[in-house]
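Presented below is the structure to which this report refers.
Read the figures in this text as sums done on the coordinates, not as results from a lab. For clarity, every value in this text was computed on a predicted model and none was experimentally measured. Positions of Cβ are backbone-derived with ideal geometry, glycine not excepted, and every protein chain shown enters the neighbour counts.
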Amino acid sequence: MQKTCTPAATEQEMLCIFGTGDLGRSLGQRLFQTGYKVVYGSRRPHSCGPLPPGTQVQSMIHVAAAQSARLVFVCIHRENYNFLETLAPQLKGKVLVDVSNNLKKNMYPEANAEYLQRLIPGAQVVKGFNTLSAWALQNGPSDASRQVYVCGNSLEAKQAVIEVATKLGFTVLDRGSLTAARELEDFPLQLFPEWRLPLQLATGLTAFFFFYLLIRDVIYSYVVNDKDISFRIMASLANKVFPIVSLIMLSLCYLPGVIAAFLQLYRGTKYKRFPDWLDRWMLCRKQLGLVALALASLHVLYTLIIPIRYYVRYRLAAHTISQIKENKTSPFDTTMAWRTDSYYVIGILGFGLYLLLGITSLPSVSNVLSWREFSFIQSKLGYLTLFFCTFHTYLYGWDKFLQPSSYKWFMLPGYMLSLVVPSVVLVLKLLLLLPCVDSTLTRIRQGWERTDPEQERKKLLLT
Amino acid sequence: MQKTCTPAATEQEMLCIFGTGDLGRSLGQRLFQTGYKVVYGSRRPHSCGPLPPGTQVQSMIHVAAAQSARLVFVCIHRENYNFLETLAPQLKGKVLVDVSNNLKKNMYPEANAEYLQRLIPGAQVVKGFNTLSAWALQNGPSDASRQVYVCGNSLEAKQAVIEVATKLGFTVLDRGSLTAARELEDFPLQLFPEWRLPLQLATGLTAFFFFYLLIRDVIYSYVVNDKDISFRIMASLANKVFPIVSLIMLSLCYLPGVIAAFLQLYRGTKYKRFPDWLDRWMLCRKQLGLVALALASLHVLYTLIIPIRYYVRYRLAAHTISQIKENKTSPFDTTMAWRTDSYYVIGILGFGLYLLLGITSLPSVSNVLSWREFSFIQSKLGYLTLFFCTFHTYLYGWDKFLQPSSYKWFMLPGYMLSLVVPSVVLVLKLLLLLPCVDSTLTRIRQGWERTDPEQERKKLLLT
Amino acid sequence: MQKTCTPAATEQEMLCIFGTGDLGRSLGQRLFQTGYKVVYGSRRPHSCGPLPPGTQVQSMIHVAAAQSARLVFVCIHRENYNFLETLAPQLKGKVLVDVSNNLKKNMYPEANAEYLQRLIPGAQVVKGFNTLSAWALQNGPSDASRQVYVCGNSLEAKQAVIEVATKLGFTVLDRGSLTAARELEDFPLQLFPEWRLPLQLATGLTAFFFFYLLIRDVIYSYVVNDKDISFRIMASLANKVFPIVSLIMLSLCYLPGVIAAFLQLYRGTKYKRFPDWLDRWMLCRKQLGLVALALASLHVLYTLIIPIRYYVRYRLAAHTISQIKENKTSPFDTTMAWRTDSYYVIGILGFGLYLLLGITSLPSVSNVLSWREFSFIQSKLGYLTLFFCTFHTYLYGWDKFLQPSSYKWFMLPGYMLSLVVPSVVLVLKLLLLLPCVDSTLTRIRQGWERTDPEQERKKLLLT
């Protein structure tokens, strides 16, 4: 019985490949090097074009090839699948591995593998190997191509394919039945779909604040004071834009959660779907947070190079020299020391927590956490991070809002603008933490529903 | 045969859910959205309360529901399991998925799933889905809820559940037979159990050193010199406390290993269990080290902001001004340059190695290392890190121990206290590296045992 | 049928261990603690030496032991395997778990497990548990010993072993048939094989540039100017060596890809194997890059401590004092401000991208990326990183190459040497991006081959 269960792909086993395009030839070369006998199916015998050099693979006509092997790799374009229908008798009971990919998403109503299964119902179609790069198909596992995803309706057929993939050095992930084929075919086509919105947002906000502050700081100074301080664009201006955008994006991570909570409170149930925009917003919170973390890290580095910048050194020296020349020394200001130290320290602590949030969102770390632990970090520590970063910004502002020089050309300073969203989020969160609100929300999230008398009546009529 | 092996859960398959609480309704909503037909079991027909909106699920009496489906999800509290006993004939041969969780650990002598299996011996009980968050049960995989753990005695039943979980988008980890159910039921209840001790230790040490240094530095200065330097609490004091606690905790990572080695040498065998406290200590070394790394990172950030602090800038300027006023310039001190540069550089190298240790303890990194590689890094590089960090602290001290001003109120400076444990650990480790000691220890660790003549005699009598 | 499929290793199941060395006793202790009955096989009854204390395991003669259990763990050295041949009748149909390891790689022509299978063809040999550390074998999973790799020809036998391993708390990775045994036996012996070359290169380059700059800066100053600036070795010199080596190594990551592209263009096909040296070079690009990142991080830390160094503070103060004494203030130089700020900012951006490359090469991150995403980051962003870092170095140089003082003793400054390789790589990459070259290369990489008329003729003759 064991023999029939395990395919036990011995070194001598014959594998058949349909298709001598890039895909088929790369795969054939690799299979051959791993010790398999490889045969190519072609329309005419010995007509399959230049085969992988040194592989000494055979090329047979399709019928013979299909009969010779138990596993057939289908490495041809979907448009050419229909000729396979004629081979249905030979392919009966065989394992067909669909390696194909499409050029675009949603080109066809059904997945290639499902279409293949429909064409040849007698075969056991397995989708697999399509998520690998051409390099990995030809040379074996490399960084993003370590895992082979397979799916198929037959457990046995999948086992046979898993055996081959494992022997080629890949780690195999079984994605279930053939209905997952669509997902597998879409995977290689994606290019950071969930990062697009956060990156666009970051770009937009960065551009806006850059030009806003350019006008307010550099151009204002040039026009009004006739002073060219354009050199500040490189470091000083960027070091204002980055933390502003970072703080706004961090608060945008927590805003949808707060909105969702109020929506659930208003609706009195958690089983109604959120509006689409809220759903999409909630699904990209992680990416929003990571982009914000990247900007915060840049802010940290920009801040730490301050003392080695020529401009800063020049100004400090000039200040010392002027003090001596005017023969007056400013006394030590303890309030100033407290304030600036607090400002830096709160910033450091906020950034430290921020890094912790980033580290726990690494897949391998979040996988070993229970969701209670994960939500503790991402929610409790997350709000603490937001609080620290907002407080850091308030300390930066301090009493600047009292100085008329802060309102050049009636434009608010950047840090004030950046405080709007986080302050709103924190206030709303505080409201949600009020005991009466919190207990209602907890009950709703545990499945309790506020029922209208109206609905109650209807239900009674139904039962 | 293939058909009987693979459950091949087609889109049309009917799934039954017992329980219309939060768990049952969230799961039902998700299953329905994924394309399954869902039926709820209830005591009376159509009495199961408000079902997920738009799901159009049926609600049958329990008997009918149990008969209609091959997979039955049990989403009710353990206290209500006994009514299931009456359904034993209908549930015979069915796959029962126990999704329940308890409110506390160790509430019952046996796991819920094992209790269920005992109640209905004819069914195939599989534990699963219980480690997911309510959010993930309702909306699909999210960060810490990507993996579904399943366990059960029947391979077939598990396959059927795995198929469903995979279709819902989760990655499935098979944890073996039903005896693992207890572990799975405890998982969602845990909140960083192994971090508790290290965090408590870190908090305790931080508090102690904070107040110690507060008295020694700030209060002493206020009482004796009548000078208010309280502003130093925010940055200067914290930047003393963090590295002190970090160094002590790093050395506490390596102390238990050294103690264990001496214990093995003394006992002459590695097969005797260590005392419980040592076992528990050794199991939290990783967490000790990571907390120490976090504190060391804060120390680095606190150090790097030194030159932008108001207090530091003020003092530097004041020093320059006083030099000019008194018209004497201190000559350049090459020893001072060597010493301070070495101090910083050793610190940087220690921190760099420290980061390396941290990175290799990420689950995905340590998984790809062989244990020989892992122990090379964590042991060899670990001791090197400890040596660098200890040396960094000695360089900081330099000849300060000669100055009477270091012993205010007979209190030793903080850095001296922090050097005690690491110095002891390094000396003990050096002893263990002596060739004669090392060879004996190696033999013991390879299984060799020193035998008492006494024991030898006993054994001879026995055989 | 289910019963025969699942081994269902109940707590009462008897496991047999051959070998009472370290391996056998550690494993036995652990199995016993997990609830298994353990029996040791020995030549004479009750003669197996001191067994794990408190385990109350039995010890039988080999024949009886082999008969008593379905799973037999073979924990003896390969040299002693031949006695097992005499037990072939008793071991028929049993699952033999080969836990052995060798002392060196390639000691024997075939893997231990394959040799065992050949000796006892009637048994079902499974390789497993050998990749665990002795600590993990005795105490359960720990960091780098969480995963048990198994391989074997019988699916059933593997299931039985997987069941045991899972119950011991390990995660099991099925590596396919017994041909993978060799790989599993080599795994515990490896010590960063793929890191050796990059680390040697880094060490060599570091040593070279250290002595080069030592002569050029420190010794030159001592000999020619009679000035001892040896204190600069610790920080200033290291902060020149690290970025130089880092930049060279980063560019060496991208050089082989460029060479490969030109080779493919020249050959007109992608199916010919690259020369061995190029293959080996390409396989260690990731390690090259990570070592370069480590050096770049050190460069960043060394740079950030500049303002707190005694030497720097002294020089700044001396500069201020001399300005006052000579009563002349240097005017603010806007070009200087632009240049230095740009220099720092480009460096920060380069380092930020560099970190991003490092993070995406973490196994758990690269696993969730599609290869299209991975290659976007590693290739597109990688070249951008290289460009930024090279530009950063050019900005550092600025007009220094015009000053005769840059060529002490006819030795070029270090930064110039470091610019050679990256500049070459960037220029070659630019050539490859020319539309005509790019389109040809893309076609070749998609499988197209340039065919000589010569070859064409030959092929026609063949078919």
Highest to lowest packing among C:392-399, A:219-226, A:361-368, B:426-433, scored as the average C-beta count within 10 Å: A:361-368, C:392-399, B:426-433, A:219-226
Shielding by other protein chains, A:357-370, mean Cβ within 10 Å: 6
Helix A:310-325 vs. chain A, principal-axis angle (Cα, 0 to 90°, nearest 10): 10 degrees
Shortest-first distances to equivalent copies, position B:ASN327, nm, label 7 Å out along Cβ: 1.4, 1.4
Average other protein chain Cβ within 10 Å of Cβ, residues A:281-294: 1
Rounded tilt (10° steps) of A:334-360 against the dominant C-alpha axis of chain A: 10 degrees
Prolate/oblate/rounded label for the range C:155-207 (Cα gyration tensor, a/c 1.5): prolate
Other copies of B:TYR266: label-to-label distances in nm, shortest first, labels 7 Å along the beta-carbon direction: 6.9, 6.9
Average other protein chain Cβ within 10 Å of Cβ, residues A:333-346: 6
Selection from A:LEU173, A:ILE444, A:LEU349 lying farthest towards where the dipole of chain A points positive, charges on Cβ: A:ILE444
R0 of 25 Å, Cβ-Cβ distance A:HIS319-C:THR334: FRET efficiency to nearest 0.05: 0.85
At most 12 other Cβ within 10 Å, DSSP loop - trypsin sites (Lys or Arg not before Pro), the range B:325-420: B:LYS328
Label-point separation, C:VAL427 to B:LEU434 (7 Å along Cα→Cβ), nm: 6.3 nm
Distance (nanometres) between label positions extended 7 Å along Cα→Cβ at A:TRP448 and B:TRP409: 5.2 nm
Assigned charges on the beta-carbon of Lys, Arg, Asp, Glu; the protein assembly as shown dipole about Cα centre (debye): 300 debye
Estimated 222 nm signal from helices in chain A, with DSSP H stretches of n ≥ 4 weighted -39500 (n - 2.57), rounded to 500: -17000 deg cm²/dmol
Degrees, to the nearest 10: A:414-433 long Cα axis against longest axis of chain A: 70 degrees
Greater than 27 Å apart at Cα, pairs in C:LYS286/C:LYS380; A:LYS240/A:LYS286; C:LYS104/C:LYS127; A:LYS37/B:LYS158; B:LYS272/C:LYS94: A:LYS37/B:LYS158; B:LYS272/C:LYS94
Summed side-chain charge close to A:ALA292 - residues other than A:ALA292 whose Cβ falls under 14 Å, Lys, Arg +1, Asp, Glu -1: +2
Neighbour net charge for B:GLY28 - beta-carbon separation under 13 angstrom, K R +1, D E -1: +2
Chain C: C-alpha gyration tensor shape, a/c 1.5 cut-off, then a/b vs b/c: prolate
Student exercise, chain C dipole from Lys, Arg, Asp, Glu Cβ charges, in Debye to nearest 20: 280 debye
Point-charge dipole on Cβ atoms (K/R +1, D/E -1) for the range C:179-235, about Cα centre, debye to 20: 260 debye
For the range C:306-377: rounded, prolate or oblate by the Cα gyration tensor [a/c cutoff 1.5]: oblate
